[in-house]
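Chemist: One structure follows; several queries about it will come next.
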Amino acid sequence: MTLSVTGARTELGRLLARERAPARVHINVAGQQANTLLSDGHAWKDFARTALAGVRRALRTEADMLVHTSFAFVRAQPKQDPLRSLAAAILECEQLALSGPGPACVVRLGYLYGPESRDLRLYVKAFRLGRPYWAGPRSALQYHLHQHDAVRALLAAARPRNAGKVLYATDDAPASFMQFMDDFARRIGRRHPLHVPRIAAPLMRAIVREEHMQQVALEMPARMPAPRVPGWQPEFPDYRRGFDQVIEAWRA
């Protein structure tokens, strides 16, 4: 059967283009380029406009099932702008997708990473040059998701029984951005990665967007996001195993 994608030129969209679906399925990944902590917040530019336009395009397609991708971090209910306004736009997109003319479900994904991530490759260059990064607090735990696991979760969600549902796809091991990136830096040979001191926040806003600063400080609730996509389990339940795959893929 056919699988069509809104947002086909994104990293996640290109991965989905390699797959087949069990029925006429449409998956909307427009806006998912912002669902990462690796872009320093720059992927949020024009998000509300482009994400809403993507949902409207997806609703015009002829499909037996629409899967709309969303963001797991909205579960933490950000309290400050600009992240609060972005969360409101994300929820508006979800409601628009679910209120369409055909069966649809929403899958909220953890923060994406993987071998196809251009931003992760840029971090390799930055670490090898010894540049510091904005790490956020060690205590603010977030959920991540390997891109390949995201593809599998979206295909698993494309079942009629999931129509009308809001589901989650995240890994099983929450970690702060500091833990996540420090571990990655050590894997590529930077034994002691440098962090930008928090006192430098006013100066760093010229490089790192406020959205990113708020995201890395936004702690997810202690209980794992649920309900999870039925019948799906992550192949990389811990980001460390995900990084093993990333390094192997790059070497190959």
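Chemist: So if I take the centroid of the Cα atoms in region 163-213 and the same for region 13-48, what is the distance between those two points in Å?
Modeler: 19 Å
Chemist: Another one. Set the Förster radius R0 to 22 Å, insert the Cβ-Cβ distance between Ser139 and Glu210 as r into 1/(1 + (r/R0)^6), and round the FRET efficiency to 0.05.
Modeler: 0.65
Chemist: Applying a 10 Å radius around every beta-carbon, put 169-179, 193-203, 224-234 in order of their mean neighbour count, most first.
Modeler: On the way: 169-179: 20.8, 193-203: 12.7, 224-234: 15.7.
Per-residue mean Cβ counts within 10 Å order the peptides as 169-179, 224-234, 193-203.
Chemist: Report, as a whole number in µm² per second, the diffusion coefficient that Stokes-Einstein gives for region 1-40 at 10 °C and 1.306 mPa s using the Kirkwood radius over alpha carbon pairs.
Modeler: For these conditions, the coefficient is 149 µm²/s.
Chemist: Can you give me the Rg/Rh ratio for region 46-188, using Cα atoms for both radii and the Kirkwood formula for Rh?
Modeler: 1.01
Chemist: Over the alpha-carbon set of the chain, divide Rg by the Kirkwood Rh and report the Rg/Rh ratio to two decimals.
Modeler: For the chain, the value is 0.96.
Each value in this text was obtained by applying a stated rule to the coordinates, not by laboratory testing. Nothing here was measured: the structure is a model prediction, and the numbers come from that model. Using ideal geometry, Cβ is built from the backbone for each residue, glycine included, and neighbour counts are taken over all protein chains shown.
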